[in-house]
Amino acid sequence: MFTELKGQHVDALNDALGRIGFRRSQTVAYRPSCLDCTACVSVRIVADEFVASSTQKRNLKRNSDLVATVCRAWSTAEQFELLQGYLGVRHPGGGMATMDENDFSDMVEHTPVTSYIIEYREPSADGVTPGRLVGACLTDRQGDGLSMIYSFYDPDHAERSGLGNYIILDHIRRSVEMGLPYVYLGYWVEGSARMQYKIRYRPLERLGSNGWERFSPDEQDRLIADVTSMRRAIPLPVESNGKDGLPGRQEHYRLVD
């Protein structure tokens, strides 16, 4: 299911659609709607009740020197180079692997809603020039939270493990500071190896037939244990699509009046 995001009250429209499980891609909001299948589940972190685990606390400490800057939704060659390195390692053969610089610009800049890119850089030697870019996230500000549209980072940085999780932790902090209750992570599929990192954030809510409901502590414990077993047993698969099942290029959509 998808609809075009346009009109005078487009931010409010995007907010309303986000609360019922839609995600944004450029000027389109979409939601999986498959016959007899409800595997794709929208999840969000309750930011103001979040309690970091020991692993997450170590991540925050390890990456606390990174300089985060909120930038307008405008693409750069530096961001695109980082994205290419990320896709080549984490999503080879996926739907976004063939993106060129124009495709990336469209992904970032074609937004009708309040969006920005948060850049994560290492400290510079002189404290004046920008440091090395190691992570970035295209983010929408919604009325009730931050929606992480797409994040990417240096996957081979030996001294910066957990950069993807750090970006999520930073969004939780930002949401609390902004008085926004949630961080929207997109879709989660139980058993999908590449989506299981999302289950590690507590408290976590999912969207079901009766609205948003919280995972119970026992259920989350079981799911986290399943993730640990999964990682020991099998390698991560190569994905055929982008994150959240989103096709890598906008032409996969056809708008019908």
Cα gyration tensor, the stretch 94-157 - rounded (a/c under 1.5), prolate or oblate: oblate
Amide H within-cut-off set for residue 25, under 5 Å, with H built and near neighbours excluded: 30
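Indicate the gyration tensor shape class of the stretch 97-207 (rounded, prolate or oblate), computed on the Cα atoms with a ≥ b ≥ c the square roots of the eigenvalues: a/c under 1.5 is rounded; otherwise a/b larger than b/c is prolate and the rest oblate.
Working: a/c = 1.33, a/b = 1.28, b/c = 1.04.
Here the stretch 97-207 falls in the rounded category.
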FRET E, pair residue 144, residue 124, Förster distance 45 Å, beta-carbon r, rounded to 0.05: 0.80
Whole-Hz ³J(HN,Hα) from phi, Karplus 6.51 cos²θ - 1.76 cosθ + 1.60, for the stretch 106-115, glycine and proline x: 4, 4, 7, 8, 7, 9, x, 10, 6, 9
Among 28, 38, 17 - extreme Cα towards positive end, dipole of the stretch 11-55, charges at beta-carbon: 28
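As a test of the formula, what do you get for the chain when each DSSP H run with n ≥ 4 contributes -39,500 (n - 2.57) and the sum is divided by the residue count, at 222 nm and rounded to the nearest 500 deg cm²/dmol? Display every interim value, and only then the final one.
Details: 6 runs with 74 residues, N = 257.
-9000 deg cm²/dmol, from helical runs alone.
What does the extension gain come out to for residue 178 and residue 55, with contour length at 0.36 nm per residue minus their alpha carbon separation?
On the way: separation 123, 0.36 × 123 = 44.28 nm, distance 2.50 nm.
That pair, residue 178 and residue 55, stretches by 41.8 nm at full extension.
Once you sort the root eigenvalues of the Cα gyration tensor of the stretch 29-144 as a ≥ b ≥ c, which label holds: rounded (a/c under 1.5), prolate (a/b larger than b/c) or oblate (the other case)? Walk me through the intermediate numbers first.
Values: a/c = 1.64, a/b = 1.19, b/c = 1.38.
Cα axes put the stretch 29-144 in the oblate bin.
Would you mind putting 217-224, 27-34 in packing order, based on average other-beta-carbon counts within 10 Å, highest first?
Working: 217-224: 13.1, 27-34: 16.9.
Descending mean neighbour count gives 27-34, 217-224.
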Karplus-derived HN-Hα couplings along the stretch 29-44 (A = 6.51, B = -1.76, C = 1.60, θ = phi - 60°), whole Hz, x at Gly and Pro: 10, 9, 8, x, 9, 10, 4, 6, 9, 10, 5, 7, 10, 6, 10, 8
Proximal aspartates and glutamates relative to residue 61, as straight alpha-carbon distance under 16 Å, when same-chain residues fewer than 8 apart are discounted: 122, 159, 170
Label-point separation in nm, residue 214 to residue 33, each point 7 Å along Cα→Cβ: 3.2
Spacing of the two label points (7 Å from each Cα toward its C-beta) at residue 9 and residue 192, in nm: 3.2
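Every number here is computed from the coordinates shown, using simple stated rules; none is lab data. What you see is a predicted model, and the numbers here were worked out from it, not measured in a lab. Glycine also receives a Cβ, built like all others from the backbone with ideal geometry; neighbour counts cover every protein chain displayed.
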